[in-house]
Amino acid sequence: MKFLHLADLHVGKVVNGFAMLDEQRYIFSQIVECVRVEKPDAVLIAGDVYDRPVPGADAVVLFDEFLTDLAETGVTVMLVSGNHDSPERLSFASRLLRDRRLYLCGTRSGAPLCVPLDDEYGDVCFWLMPFIKPAFLRSDADADHLHDHIHIESYFDAFDAVLSRADIDYSRRNVLVSHQFFISAGIDPLRSDSEMNPVGGLDAIDASLISGFDYAALGHLHMAQKVGKDSVRYAGSPLKYSFSEWRREKTMTMVEIRQKGDVTITALPLKPRHDMRVIKGRISDLLDESVVSQGDRYDYIHVILTDDSEIIDPMDKIRAAYPHVMSMESDNARSQAMFAAAMPEGGALAASSPYDLFSEFFLQFSGRAMSDTQSRIVRELLEAGEVQ
Ligand SMILES: [Mn+2]
């Protein structure tokens, strides 16, 4: 059984004002070509298909083209919703499309959906688990399982409750497709700035919960990585969506499971049409044609200018040489002095209460102060020890 693991497509994403749609179209055609050549049995897409719950029309058109191209190769496609997706919209026509070997699993009802595929060694069961959070289960109208809800406080509880409804025979071969924040005890995950970060990591689920699967095809973290063991993996996004990833290469993950316990994992390179990179130096050097021509001038660029003197309209000048320049900062004697002046004294920070720190954070993040209700909730959570 051979399958391609993808995640975090974020179709329709706009990065620093630049629509990524053409980049996505380019990378999707590379993925389809890989499916034609490698002939996997299935393509798994582990959530965050779209960047927004209500994607733009052009994003829907592009994803429709991608699914159609994949279906034409004869491959089975399975996908689950991520935290960016609307579960209901993603499930549109899902029951009809199962006949076409397309499994769109946006919403959850009861146990996770099992899609069995067989090969010469028997069945592999693919368990499709859409993104869940504790509140989804607390509001669950599914009265049969009401006794579960009383104890559902954390993401771990919620995931555990749903998984325990599945009748999984771990002596056979099982693959999980899921979009959650899994962590392995004692190991810091690689995070990208383009992920949505709830404060404090309350969404983390210990990966021991899913260690019984022969492979866990995960979505949520945008950098490809394993979680503890090799067979529990994030595929990562197929494109770089923030400069925090600029030095890393993007891949898609091909997995082959033969007999139970015999798993091969291969990272296949993805080559973007235009890369994302950081350039640093004096503006006269960066604009020199011999420097510009060393790379693709249409790459998405973050510029760090080191000039000490004032430059008039630096962004316009940079853009003339690098049309896709996204952002700019200065790293010179002046900016270093300003940074030092803006840092609070160590003592001032230590003396602030957690509530004061949070309200300052909220103000900076949202541009307004907390409402009375919001500040009451935060105080209650802090007093209850839920947030530290
Ligand atoms: Mn994502």
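No lab work stands behind these numbers, since they all come straight from the coordinates. A quick note: this is a predicted structure, and the numbers were derived from the prediction, not measured. Don't worry about glycine lacking a Cβ; one is built from the backbone with ideal geometry, like all the others, and counts go over all protein chains shown.
Using only the alpha-carbon atoms, how far is helix 21-38 inclined from the longest principal axis of the chain? Give it as 0 to 90 degrees, nearest 10. Long axis of 21-38 versus the principal axis of the chain: about 40 degrees. When the pairs Lys271/Lys317; Lys250/Lys317; Lys133/Lys280; Lys39/Lys280 are compared against a 32 Å limit on Cα-Cα distance, Lys133/Lys280; Lys39/Lys280 fall above it. Protection proxy ranking for 167-173, 185-191, 302-308, 212-218, using the average of other Cβ atoms within 10 Å per residue and placing the highest first: 212-218, 302-308, 167-173, 185-191.
Compare His274, His324, His151 in a GNM of the chain, Cα atoms joined below 10 Å, and give the one with the largest fluctuation. Fluctuation is largest for His151. Using only Cα coordinates, the Kirkwood hydrodynamic radius of the range 34-133 works out to 14.2 Å. Figure legend: label point modelled 7 angstrom from the Cα of Lys2 along Cα→Cβ; residues of the range 92-123 with amide N under 20 Å from it are 117-123.
What does the C-alpha gyration tensor say about the overall shape of the chain? Classify as rounded when a/c is under 1.5, otherwise prolate if a/b is larger than b/c, or oblate. Verdict is oblate for the chain.
Taking every alpha-carbon pair in the range 168-275 and binning the separations at 5 Å intervals from zero gives 2, 11, 22, 22, 19, 13, 7, 3, 1, 0 percent. Highest mean packing first, where packing is the average number of other Cβ atoms within 10 Å per residue, the peptides 96-108, 233-245 line up as 233-245, 96-108. Once the dipole of the range 28-103 is set up with Lys and Arg at +1 and Asp and Glu at -1 on Cβ about the Cα centre, which of Leu96, Met78, Phe66 lies farthest towards its positive end? With unit charges placed on the Cβ atoms, the residue in question is Leu96. The length gained by stretching the chain between Ser375 and Glu72 to full extension, at 0.36 nm per residue less their Cα-Cα distance, is 103.7 nm.
With respect to the chain, whose longest principal axis is taken over its alpha-carbon atoms, helix 57-72 is tilted by about 50°. Relative to the longest principal axis of the Cα atoms of the chain, helix 372-383 runs at roughly 70 degrees. Counted over the chain, the DSSP beta bridges are approximately 35% antiparallel.
For the peptides 258-266, 279-287, residues were scored by their other Cβ atoms within 10 Å and the scores averaged per peptide; the highest-first order is 279-287, 258-266. Around the amide H of Val232, modelled in the peptide plane, lie the amide H atoms of Ala216, Val227, all under 5 Å away and 5 or more residues distant in sequence or on another chain. Pairs of C-alpha atoms in the range 276-338 farther apart than 16 Å represent 39 percent of all such pairs. Charges were assigned to the Cβ only: +1 to each Lys and Arg, -1 to each Asp and Glu. The resulting dipole of the chain about its Cα centre is roughly 540 debye. Thinking of the range 244-351 as a set of Cα atoms, what percent of all their pairs are more than 23 Å apart? Distances greater than 23 Å cover 51 percent of the Cα pairs.
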